[in-house]
Amino acid sequence: MNKVRGILIGRMQPVHKGHMQVINKILEEVDEIIIGIGSAQLSYELKNPFTAGERVIMLKKAFVESNIDPSRYYIIPMEDINYNAIWPSHVKMMTPPFSVVYSGNSLVKQLFKENGFNVKNPPLYDRFHLSGTEVRKRMIENSNWEELVPNATIKVINEINGIERLKNLSIKEISDLNK
Ligand code: NAD
């Protein structure tokens with residue numbers, strides 16, 4: 001029997017507990033999951049501080065931490081393209097074949113639905129706190145960001161001096177406003 005493969009595409013800036021909860025939920029429904037690390041070309045920006053490679057390591061280590069069988073997932077960095085209408089074909093070209101698309105993002109859902117895919121809206125877990133925006137905000141404000149992310153993310157952020165990077169970006173981007 002063919003394997004049922006699902007895809008979840010997210011910027012994962014950074015990987016947080018909401019991503020891991022939804023991934024575990026999806027793995028109850030499919031044989032294999034493809035994680036597209038979205039906007040792979042972006043990094044060193046306030047909204048996108050971490051490189052695609054750094055996000056791959058966070059996710060890979062979080063999978064190991066969650067004891068998820070490595071034969072059940074693929075992690076693929078995915079650059080944005082300028083043409084929304086053909087983005088689903090671009091994603092298809094870059095990934096193993098998949099039949100189900102999981103997303104909470106309305107543009108992603110619309111584009112894949114119109115291309116004939118089975119699109120599912122996975123549950124959101126504590127979205128008020130479990131969002132990349134909240135994690136990045138807490139990192140800059142020195143409040144407890146660690147409780148929102150898997151240990152794997154904490155380790156990688158510490159290894160790459162991620163907090164310092166984000167704080168520098170916030171100073172730089174605020175100073176850019178005065179130019
Ligand atoms: P994200 O990291 O914010 O979220 C990704 C997914 O994770 C969500 O859809 C949701 O299903 C899940 N998630 C997040 N928080 C959760 C929580 N608390 N509980 C449960 N699930 C949670 O990423 P995003 O911004 O939605 O990523 C979409 C990507 O697709 C972006 O990189 C975007 O640029 C890309 N995209 C590109 C094009 C193009 O290139 N033309 C077009 C559309 C989208």
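The values are calculated or read from the model by the stated rules, or taken from the named source; none is laboratory data. The model shown is predicted, which means the values in this text are computed figures rather than measured ones. Quick reminder, even Gly has a Cβ in these numbers, built from the backbone with ideal geometry, and neighbours come from all protein chains shown. Accessible surface is based on the protein model in full, side chains and every heavy atom, while ligands, DNA and RNA are left aside. Shrake-Rupley method; radii C 1.70, N 1.55, O 1.52, S 1.80 Å.
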Carbon/sulfur fraction of accessible area - the chain, other protein chains in place, 1.4 Å, %: 51
Mean separation of Cα contacts under 8 Å, 6 or more apart, over the residue count of the range 51-127: relative contact order %: 21
Under 5 Å, built H, 5+ apart or other chain: amide partners of Ala40: Met78, Glu79, Asp80
Gained length - Glu164 relative to Gln41, 0.36 nm times residue gap less alpha-carbon distance: 42.2 nm
Environment charge at His90 (Cβ cut-off 12 Å; Lys +1, Arg +1, Asp -1, Glu -1): -1
Charge sum, other residues only, whose C-beta stays under 13 Å from Pro77's C-beta, Lys/Arg counted +1 and Asp/Glu -1: 0
Stretch gain in nm, segment Ile86-Val64, where the contour uses 0.36 nm per residue and the Cα spacing is subtracted: 4.5 nm
Cα long-axis angle, helix 162-177 against the chain (0 to 90 degrees, to the nearest 10): 70
Sparse-neighbour loop sites [GluC sites (Glu not before Pro); the range 1-61; at most 11 other C-beta within 10 Å; DSSP]: Glu28
Contact order relative to length of the chain, as percent, for alpha carbon pairs under 8 angstrom and 6 or more apart: 28
Cβ-based net charge around Glu147, under 10 Å, with every Lys or Arg adding one and every Asp or Glu removing one: +1
Average projection area in nm² (convex hull over Cα atoms of the range 34-179, one quarter of hull surface): 10.2
Pair Arg127, Val4: separation of 7 Å Cα→Cβ label points (nm): 2.4
Virtual spin-label span in nm between Lys155 and Ser106, 7 Å along Cα→Cβ: 3.9
Simple spin-label estimate for Ser71 and Lys113 in nanometres, 7 Å along Cα-Cβ: 3.6
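What order do you get for 96-103, 69-76 when each peptide is scored by the mean count of other beta carbon atoms within 10 Å, highest first?
Per-residue Cβ counts within 10 Å, averaged per peptide and sorted highest first, yield 96-103, 69-76.
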222 nm mean residue ellipticity, helices alone, for the chain (DSSP H n ≥ 4; -39,500 (n - 2.57); rounded to 500): -12500 deg cm²/dmol
Residues of the chain: accessible area per residue with a 1.4 Å probe, Å²: 54
